[in-house]
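S.K.: Provided herewith is a single structure, encoded as structure tokens, for subsequent inquiry.
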Amino acid sequence: MIMKQLDPSTYEHPTDRTALMALKKVPLLDTVATWVLNFLIKTDYLVLYRGNAIEVTEKTLPRVHNLKSIAAERLCLNMDVPMFVTLEWEYNAFAAGVDHPIIVLNSGLVENFTDEELLSIIGHEMGHIKSRHMLYHWMADNLSKWMYSTSIISGPALYGLIIAMKEWQRKSELTADRAGLIANNDNKDAAIMAQMKLMGLPDNYNTSPDWNFTVEDILEQAQDQKEFKEDSFYKKIIYAIATGPIDHPWSAERIREMREWQMQLHYTES
């Protein structure tokens with residue numbers, strides 16, 4: 001059955017929504033950052049990737065183009081987002097832009113991920129687009145530096161803003177992971193395998209005697225981490241210092257979150 005609408009609020013992580021609402025209360029951030037990011041997409045990103053990467057079309061990369069179409073249909077993404085593949089063997093992908101977004105995939109993903117795994121990655125980036133995450137992602141990575149250099153905000157106020165942005169940014173990745181599950185038709189195993197490859201799992205893991213672990217082992221790591229940060233006030237401080245600057249949750253946490261949510265998918269149809 002083809003879905004005509006899919007409201008991202010039906011799958012967004014609750015802490016993503018809460019943190020984003022707090023950020024939106026900061027005066028003028030939306031207006032300034034939207035203008036800057038739209039300008040950069042039109043004058044920089046599109047020029048860069050059209051000049052130095054392969055644009056995904058039905059002719060140039062039919063497999064990826066087909067997966068892009070499948071993910072867009074399942075997520076009800078009502079826009080044609082330009083997609084590019086760039087020659088990089090590190091596994092990575094990103095979305096950028098607000099009103100005119102793009103998606104960029106590294107060639108290593110295309111080469112070494114299965115269709116279902118790649119659907120998870122493409123759906124993840126489309127999830128960011130549906131929830132309009134890229135504006136605040138860019139702000140988290142760049143606007144605070146600009147505020148500091150221009151002395152608009154400094155000291156504790158700036159530090160507090162950066163911490164709030166990074167905390168939300170990590171939660172937004174959990175929302176996007178859920179979108180990836182929807183895009184690959186709720187194939188939990190493929191979504192988790194994609195994340196494990198991002199952690200460093202090699203392609204020959206199932207034939208090499210050097211690798212002998214399962215998803216359960218990763219979940220044990222996630223549980224150990226959860227218990228560590230809840231053990232004492234001191235360890236909570238250590239955990240906060242370790243996670244404060246990063247923009248993605250730990251991979252073990254993402255796998256645990258995906259597994260817990262997998263049975264709770266709800267769609268909005270019309």
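Read the figures in this text as sums done on the coordinates, not as results from a lab. Since we're looking at a predicted model, the values are computed, not measured. With ideal geometry, Cβ positions are generated from the backbone for all residues, glycine too; neighbour counts draw on all protein chains shown.
S.K.: Between beta-carbons, use under 10 Å as the cut-off and find the net charge around residue 109, counting Lys and Arg +1, Asp and Glu -1. Intermediate results must be reported in sequence, preceding the final value.
M.R.: Working: positive: 197; negative: 88, 90, 111, 117.
Counting the neighbours of residue 109, the net charge comes to -3.
S.K.: I would also like to ask the following. Calculate the length of the line joining the C-alpha centroid of region 162-213 to that of region 87-119, in whole Å.
M.R.: 13 Å
S.K.: Can you bin region 164-231 into rounded, prolate or oblate? Criterion: square roots of the alpha carbon gyration tensor eigenvalues sorted a ≥ b ≥ c, rounded for a/c under 1.5, prolate for a/b above b/c, oblate for the rest. The partial results should precede the final answer.
M.R.: Details: a/c = 2.25, a/b = 1.25, b/c = 1.80.
In terms of gyration-tensor shape, oblate.
S.K.: Non-local amide H neighbours of residue 84 (under 5 Å, H modeled in plane, Pro and chain starts lacking H): which ones?
M.R.: 56, 103, 104, 105
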